[in-house]
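Student: Take this structure, written in structure tokens, and hold onto it; I'll ask about it next.
The values are calculated or read from the model by the stated rules, or taken from the named source; none is laboratory data. As the structure is a prediction and not an experimental result, all values here were calculated from the model. So basically every Cβ, Gly included, is an ideal-geometry build from the backbone, and we count neighbours across all protein chains shown. Surface accessibility is based on the protein's heavy atoms, side chains included, excluding ligands, DNA and RNA. Shrake-Rupley method; radii C 1.70, N 1.55, O 1.52, S 1.80 Å.
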Amino acid sequence: MFNKYNVIVVGAGHAGCEAAAAAANLGSSVLLITMNMGVIAQMSCNPAIGGVAKGQIVREIDAMGGYTGIIADKSTLQFRMLNLSKGPAMWSPRSQNDRMRFAEEWRLTLESLPNVDMWQDTVKEVIVKNGRAAGVVTSLGIRIESDAVILTNGTFLNGIIHIGEKKIGGGRTGEKAATGLTEQLITLGFESGRMKTGTPPRVDGRSLNYKLMEEQWGDDKRGRFSYTDVELPTIQRCCWITYTNDKVHEVLKTGFEKSPMFTGRIKGLGPRYCPSIEDKINRFSERDRHQIFVEPEGFNTVEIYVNGFSTSLPEDVQQKALRLIPGFENAKMYRPGYAIEYDYFPPMQLDLTLETLKVKHLFFAGQINGTTGYEEAGAQGFIAGVNAHQRINDLQELILKRSESYIGVLIDDLVTKGTEEPYRMFTSRAEHRLLLRQDNADIRLTPIAYKLGLVDEERLRKVNKKIEDSDYLVDYMKQHSLSPDEMNPVLEEVGSSPLQQKSRMFNILSRPQINISHIAKANTVFSNLLDDYEDETIEQTEIKIKYDSYFAKEMEIVNRMKKMEDKEINPNFDYGKLTSLSIEAREKLLKVKPRTLGQASRISGVSPSDISVLMVHMS
Ligand SMILES: Cc1cc2nc3c(=O)[nH]c(=O)nc-3n(C[C@H](O)[C@H](O)[C@H](O)COP(=O)(O)OP(=O)(O)OC[C@H]3O[C@@H](n4cnc5c(N)ncnc54)[C@H](O)[C@@H]3O)c2cc1C
Ligand SMILES: NC(=O)c1ccc[n+]([C@@H]2O[C@H](COP(=O)([O-])OP(=O)(O)OC[C@H]3O[C@@H](n4cnc5c(N)ncnc54)[C@H](O)[C@@H]3O)[C@@H](O)[C@H]2O)c1
């Protein structure tokens, strides 16, 4: 029934969609098989994209030609740049999204790609021939051949949903679990584990009293994720903030004896940084209230997402407790919160390309690798999609460095250190975060993507122009000075000490209270000059000037470490013969098969003296 495909992608979640699109855009024929074509790119939980560190990942995907940023922009209900009061390395774009529009835009995007075919079915088995993935078998008993397979099963593998004492098989509420695949992969020699996650109840917005809550609007000057000119929705919607209280907590506690988490019925480890409300009142018992973000699920629907109230307590306890929250007195629940347990595959079984070490041409991406989050999933999908295409065509692989992207940090962490709890990105995971900012993802990554044929020349030209223009403006500001008469009225307004003599614009901008618009306000010629430049170029100029010395120091560190990062290790290196390595180091090195000395040095259990031994034997 089917001809052979180059790449089969299993699962149309955030990872699967990016994987299919990336491989197809490079020229592979792709079949995207998913259980239910009605729920492509479903946001299983929060209808929001980005946030701290995750927003940077979305910018990176976009800079390389992926779609998550474009689709998030097209479906944005509200946009906020988080952490603006901190340095630019911490600025993080976040959007609240229309869940249905997000999914629809992804579906339309996939339908617009001529190399992507879709098929609704459940994959039960990966066909392996001579140690290589060669296709899949579906629950309808169809065998479909391919040169490579990418598994992006999300939370569906042997998924079990918990609501109080009720236990239902499912991959997400209302959707079936995927069975059979884990068991087959285990017979192939893979290790699997169990994790859990959860989601809050959804309510009918018409039953809420917003007068008792604080309004929260998005940024006036709206930002965006994509570096392309996506048309944004013309309006933004409001969110609200309210709080739990002692009474809410007391009611929730009445459900603890039926809680699947506290009674030990759930065995898998959950995301530490996204605790359920029962976890919060248990672990942080000193706090008498917790913040709740009341978020619309779309432009037109009345459904509301109760952010901060993730729970798997019995549904009647959820409803009783909700109604004690200010504004929720008459709340009608649309869907209860729940927890879900699922299988994952510890990611140390992967290479940095996301190809499995055991079966060639088989790739894993997304939550199946122990991560949590749409952004982390999308990024892995993109990398797996690119590498599947490159691998089957014997082309250069795409491995991003830790010093050039959060995506590099994400994959290096997963593959080198593994994870025992759901892994989410934080700025603190990136040692070179000063360099990995949302403002320069295009400068860091678009040239790499261009070389692989992932973005067109026009996109590269735009990036080069941003670099040249911002360099020109930096130079201009180094060369031009402002007099005390021009600058002092503005300095006085912001409480900065007056100039005694003419001073270069560059030096004035280095003052903490001053931004580039203050300088423009003081000098019409400069203000007119800025009118000719894009907002992003002006932002880039300001960041370059204000943080110049910090960036230079960070680059020095990167360059110092470059020697180790560039020192490649032969994949067939025989660690067994190096008896001077510790036994633990030998075992771990054999398991991870690090690509470089730098990667080897990050494996837990490999000490600096083990690295010295390796260095001696490699030279
Ligand atoms: C209840 C819950 C709450 C969550 N909360 C959040 C949150 O608030 N924010 C956040 O960032 N992350 C949250 N997550 C995690 C987030 O949903 C995932 O990290 C993200 O969706 C993972 O993307 P993915 O592509 O790996 O998998 P998924 O989005 O789960 O997609 C997997 C896809 O694969 C399909 N599939 C699975 N098995 C098969 C098979 N054998 N054959 C064919 N198709 C198959 C499924 O139908 C589905 O379309 C939550 C997840 C759940 C379930
Ligand atoms: N269940 C899971 O598996 C799982 C795992 C990780 C994250 N999550 C969920 O993913 C989502 C993203 O997680 P996160 O905490 O990184 O990001 P977030 O976007 O919810 O929050 C990031 C920051 O933004 C603030 N914020 C939250 N909602 C806001 C709103 N409506 N308007 C403005 N600011 C808001 C928060 O105070 C926080 O500091 C969260 O809703 C979280 O519950 C779920």
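Student: Going by the structure shown, is Gly69 at positive phi, at pLDDT 95 or above and crowded, with 24+ Cβ neighbours inside 10 Å?
Tutor: Details: at positive phi: no; at pLDDT 95 or above: yes; crowded, with 24+ Cβ neighbours inside 10 Å: yes.
Here the answer is no, as Gly69 does not meet what is asked.
Student: Quick check, is Thr446 part of a helix (DSSP H, G or I), open to solvent by less than 40 Å² (accessible area, probe 1.4 Å), of a type in the set (Val, Ile, Thr) and under 23 Å from Glu565 (Cβ atoms)? It would help to see each step written out before you state the result.
Tutor: Numbers: part of a helix (DSSP H, G or I): yes; open to solvent by less than 40 Å² (accessible area, probe 1.4 Å): yes; of a type in the set (Val, Ile, Thr): yes; under 23 Å from Glu565 (Cβ atoms): yes.
It is true that Thr446 is part of a helix (DSSP H, G or I), open to solvent by less than 40 Å² (accessible area, probe 1.4 Å), of a type in the set (Val, Ile, Thr) and under 23 Å from Glu565 (Cβ atoms).
Student: Here's a follow-up. Search segment 404-449 for residues being closer than 15 Å to Gln56 by Cβ and among the basic types (Lys, Arg), and hand back the single one that is farthest from ligand 1 (Cβ to nearest atom).
Tutor: The selected residue is Arg444.
Residue by residue, here is whether (1) under 24 Å from Tyr344 (Cα atoms); (2) basic (Lys, Arg) holds:
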site: Gly385; (1), (2): yes, no
site: Leu414; (1), (2): yes, no
site: Arg429; (1), (2): yes, yes
site: Leu434; (1), (2): no, no
site: Asn440; (1), (2): no, no
site: Ala449; (1), (2): no, no
site: Val455; (1), (2): no, no
site: Leu460; (1), (2): no, no
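Okay, residues lined up against (1) open to solvent by 20 Å² or more (accessible area, probe 1.4 Å); (2) at pLDDT below 90:
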position: Asn209; (1), (2): yes, no
position: Glu214; (1), (2): yes, no
position: Ile241; (1), (2): no, no
position: Asp246; (1), (2): yes, no
position: His249; (1), (2): no, no
position: Thr254; (1), (2): yes, no
position: Arg272; (1), (2): yes, yes
position: His290; (1), (2): no, no
position: Glu297; (1), (2): no, no
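Student: If you don't mind, there's one more thing I want to ask. Which of the residues that make up segment 164-187 are touching a Gly at 6+ places or on another chain (Cβ under 9 Å) and within 11 Å of ligand 1 (Cβ to nearest atom)?
Tutor: Taking segment 164-187 first, the residues touching a Gly at 6+ places or on another chain (Cβ under 9 Å) are 164, 169-172, 175-179.
Those that are touching a Gly at 6+ places or on another chain (Cβ under 9 Å) and within 11 Å of ligand 1 (Cβ to nearest atom): Gly170, Gly171, Arg172, Glu175, Lys176, Ala177, Ala178, Thr179.
Student: Return the pair list, or none, for Cβ contacts closer than 8 Å from residues in segment 191-220 that are away from ligand 2 (no atom under 13 Å from the Cβ) to residues that are in a loop (DSSP other than H, G, I, E, B) and among the aliphatic types (A, V, I, L, M), at least 6 apart or on different chains.
Tutor: Close Cβ pairs satisfying both conditions: Val203/Ala331; Asp204/Val302; Asp204/Ala331; Gly205/Val302; Arg206/Val302; Ser207/Ala331; Leu208/Ala331.
Student: Would you please name the residue that is nearest to ligand 1 (Cβ to nearest atom), looking only at residues in segment 188-207 that are open to solvent by less than 50 Å² (accessible area, probe 1.4 Å) and of a type in the set (A, V, I, L, M)?
Tutor: Applying the filter and picking the extreme gives Met195.
Student: Let me ask you something else. Of the conditions (1) under 21 Å from Tyr342 (Cβ atoms); (2) hydroxyl-bearing (Ser, Thr, Tyr); (3) away from ligand 1 (no atom under 16 Å from the Cβ), Tyr210 satisfies every one except a single condition; which number is it?
Tutor: (1)
Student: Can you pull out the residues in segment 41-90 that are more than 13 Å from ligand 1 (Cβ to nearest atom), hydroxyl-bearing (Ser, Thr, Tyr) and either assigned to a helix (DSSP H, G or I) or touching a Lys or Arg at 6+ places or on another chain (Cβ under 7 Å) (or both)?
Tutor: The one that is more than 13 Å from ligand 1 (Cβ to nearest atom), hydroxyl-bearing (Ser, Thr, Tyr) and either assigned to a helix (DSSP H, G or I) or touching a Lys or Arg at 6+ places or on another chain (Cβ under 7 Å) (or both): Ser75.
Student: Additional query: Taking the residues in segment 91-139 that are within 30 Å of Gly51 (Cα to Cα), polar (S, T, N, Q) and outside any strand (DSSP E or B) as candidates, determine which candidate is nearest to ligand 1 (Cβ to nearest atom).
Tutor: Thr109
Student: Can you pull out every residue in segment 410-443 that is assigned to a helix (DSSP H, G or I), open to solvent by 10 Å² or more (accessible area, probe 1.4 Å) and of a type in the set (Ser, Thr, Tyr)?
Tutor: Selection gives Thr427, Ser428.
Student: What are the pairs with Cβ atoms under 7 angstrom where one residue, in segment 546-573, is open to solvent by less than 100 Å² (accessible area, probe 1.4 Å) and the other, located anywhere, is at pLDDT 90 or above and among the charged types (D, E, K, R)? Sequence gap at least six, or different chains.
Tutor: Sorted first by the residue in segment 546-573, then by its partner, the pairs are Glu565/Lys401; Ile569/Arg595; Pro571/Lys593.
Student: Kindly state which strands (runs of 3 or more DSSP E) lie completely within segment 331-409 and contain at least 2 residues that are in contact (Cβ under 8 Å) with a residue 60 or more places away in the chain and open to solvent by less than 20 Å² (accessible area, probe 1.4 Å). First the steps, then the outcome.
Tutor: Values: elements: 333-335, 338-344, 362-364.
Once the strands (runs of 3 or more DSSP E) in segment 331-409 are filtered for at least 2 residues that are in contact (Cβ under 8 Å) with a residue 60 or more places away in the chain and open to solvent by less than 20 Å² (accessible area, probe 1.4 Å), what remains is 338-344, 362-364.
Student: When the residues of segment 284-330 are narrowed to those that are among the small types (Gly, Ala, Ser) and part of a loop (DSSP other than H, G, I, E, B), which ends up farthest from ligand 1 (Cβ to nearest atom)? Walk me through it before giving the result.
Tutor: Initially, segment 284-330 is screened for residues among the small types (Gly, Ala, Ser), giving 285, 298, 308, 310, 312, 321, 327.
So of that shortlist, the ones also part of a loop (DSSP other than H, G, I, E, B) come out as 285, 298, 308, 310, 312, 327.
Details: Ser285: 24, Gly298: 16, Gly308: 11, Ser310: 7, Ser312: 9, Gly327: 21 Å.
Once the filter is applied, the top-ranked residue is Ser285.
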